[in-house]
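Here is the structure we will look at.
Every number in this text was worked out from the coordinates using simple rules, so none of it is lab data. As the structure is a prediction and not an experimental result, all values here were calculated from the model. Cβ placement follows ideal geometry from the backbone for every residue including glycine, while neighbour counts extend to all protein chains displayed.
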Amino acid sequence: MEHRGFVYTGHPARVLFGFGTTDRLPEEVARLGASRALILSTPHQEGQAAHLASLLGSASAGIFAEAAMHTPVDVSERATECASKLSADVIVSVGGGSTTGLGKAIALRTDLPQIVLPTTYAGSEMTPILGETQNGIKTTQTTTRVLPEVVIYDVDQTMELPVGLSGTSGINAIAHAVEALYARDGNPVISALALEAVKALATSLPKIAQDPRDRDARFDALYGAWLCGMCLGAVGMALHHKLCHTLGGSFDLPHSETHTVILPHALAYNAAAIPEVMASLTTVLGQDPARALQDLARTIHAPTGLSEIGMPEDGLDRATELALKNSYWNPRPLQPEAIRGLLQRAFEGALPLADGRETA
């Protein structure tokens, strides 16, 4: 191990993990001293929110089932008004990143405590990061005000997650771990978690694609996603996440699918600047990590091109401009022509390009 100094910040959160842990929600609400829970979900998952309301009984103040992708500010404001009218004293979010993001947006505005029950592998429940979208621009901020107090990981909540979303959500999580490995503020604790996370997900996602009811694979995937969320919450991200926020916020592309398409190309772009990271990734992904990530997407029948998920080709120039608009750290300097080329290859679903050549 290289003897370098580092800083590690552990974010306080209570985590319950296992099968059937949803049943412990009432005691967790009571443990926070709360008695009027506002339950959040997307319209599609309102049934799950209703189940939690039934579980909480008189401790449920109501349901707000309007969570939307990329956390639009107008939805956040409506939800905050709903929380106020209902005199809610705790937010319970059930779902993926969209619902978790809405809970965080309410917490930012009200300082209400949050309990999150993830049903995907997004990982944002473990982070003090909130991204909200207004007028086609996604703005991200980091503040402990939005860090959930309790996260209940119930593997049973993921058993019905569709195969397609399981795959893209899992690769979305892997992206957090990959970028954590070359973060400017990285440290050996997070790097160890990141490699464990990538291994768990890269192994379990193909099993889930073959058999969505594989309980062991579901357990491993959710475990890996939890670790990825810890990585995302502990260190800064770089080019990959900037590109995905730009594409999602400005072109309304689906979140996890965008991460799935971009990750191999972003990793290949940075490869020459991070030889130690690439070497460590070979231990869990194989000889060519960037190509392996794209192959993983193909194996689980996930999209590999932006053209498949609604990106207009005539928007690539604007996406490049937006991605370079505000300066941010990346291990390799941000070069407009190279970024434009990266996006073109991602649009076409071409092989990742490293050092001017396709990966093996």
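Ordering Thr119, Thr133, Ala173 by the projection of their Cα atoms onto the charge dipole of region 78-185, which places +1 on the Cβ of Lys and Arg and -1 on the Cβ of Asp and Glu, puts Thr133 at the extreme positive end. Stokes-Einstein, applied to the Kirkwood radius of region 68-189 over Cα pairs at a viscosity of 1.306 mPa s and 10 °C, places its translational diffusion at 105 µm² s⁻¹.
The shape of the chain can be summarised by an equivalent ellipsoid whose semi-axes, obtained from the alpha carbon gyration tensor, come to 33, 22, 19 Å from longest to shortest. Farthest toward the positive end of the dipole of the chain, out of Ala197, Gly233, Thr304, is the Cα of Gly233, where the dipole comes from beta carbon charges about the Cα centre.
Converting phi to 3J(HN,Hα) with the Karplus coefficients 6.51, -1.76 and 1.60 and the offset θ = phi - 60°, region 87-102 yields 6, 5, 10, 7, 9, 10, 10, 10, x, x, x, 5, 6, 4, x, 5 Hz in sequence order, with x at every glycine or proline. Couplings for region 281-290, taken from phi via the Karplus curve 6.51 cos²θ - 1.76 cosθ + 1.60 with θ = phi - 60°, read 5, 5, 6, 10, 10, x, 4, 10, x, 5 Hz in order; Gly and Pro are left as x. Available extension along the chain between Leu324 and Asp23 is 103.8 nm, counting 0.36 nm per residue and deducting the alpha carbon span.
Here the 3J(HN,Hα) profile of region 142-155, calculated from phi with Karplus coefficients 6.51, -1.76 and 1.60 at θ = phi - 60°, is 10, 7, 5, 4, 9, 6, x, 6, 9, 10, 10, 8, 10, 4 Hz, Gly and Pro shown as x. Think of each Lys and Arg Cβ as +1 and each Asp and Glu Cβ as -1; about the Cα centre, that makes the dipole of the chain roughly 500 debye.
The length gained on full extension between Gln287 and Thr139, counted as 0.36 nm times the residue separation minus their Cα-Cα distance, comes to 49.7 nm.
Find how much the distance from Ser35 to Arg213 grows on full extension, using 0.36 nm per residue of separation minus their present alpha carbon separation; answer in nm with one decimal.
60.6 nm
Where does the chain land at 222 nm, in deg cm²/dmol rounded to the nearest 500, when only DSSP H runs of n ≥ 4 count, each adding -39500 (n - 2.57), divided by all residues?
-16000 deg cm²/dmol
Taking a straight line from the alpha carbon of Lys325, these lysines sit under 30 Å away, with near neighbours fewer than eight places off in the same chain left out: Lys104, Lys138, Lys242. With the simple spin-label model, which puts each label point 7 Å out from Cα in the Cβ direction, the Ala68 to Met159 separation comes to 3.4 nm.
Based on the Kirkwood approach, the hydrodynamic radius assigned to region 117-203 is 14.6 Å, with every pair of different Cα atoms included. Between the beta carbons of Gln335 and Arg298, assuming R0 = 22 Å, the FRET efficiency works out to 0.20 to the nearest 0.05. Put simply, the amide H of Leu253, placed in the peptide plane, has neighbours under 5 Å in Gly248, leaving out anything fewer than 5 places away on its chain. Its Cα gyration tensor gives region 1-154 an equivalent ellipsoid, and the semi-axes of that ellipsoid, as √(5λ) in whole Å with the largest first, are 24, 20, 14.
Can you give the FRET efficiency to the nearest 0.05 for His51 and Arg14, using r as the Cβ-Cβ distance and R₀ = 25 Å? Display every interim value, and only then the final one.
Details: r = 22 Å, r/R0 = 0.87.
The calculated FRET efficiency here is 0.70.
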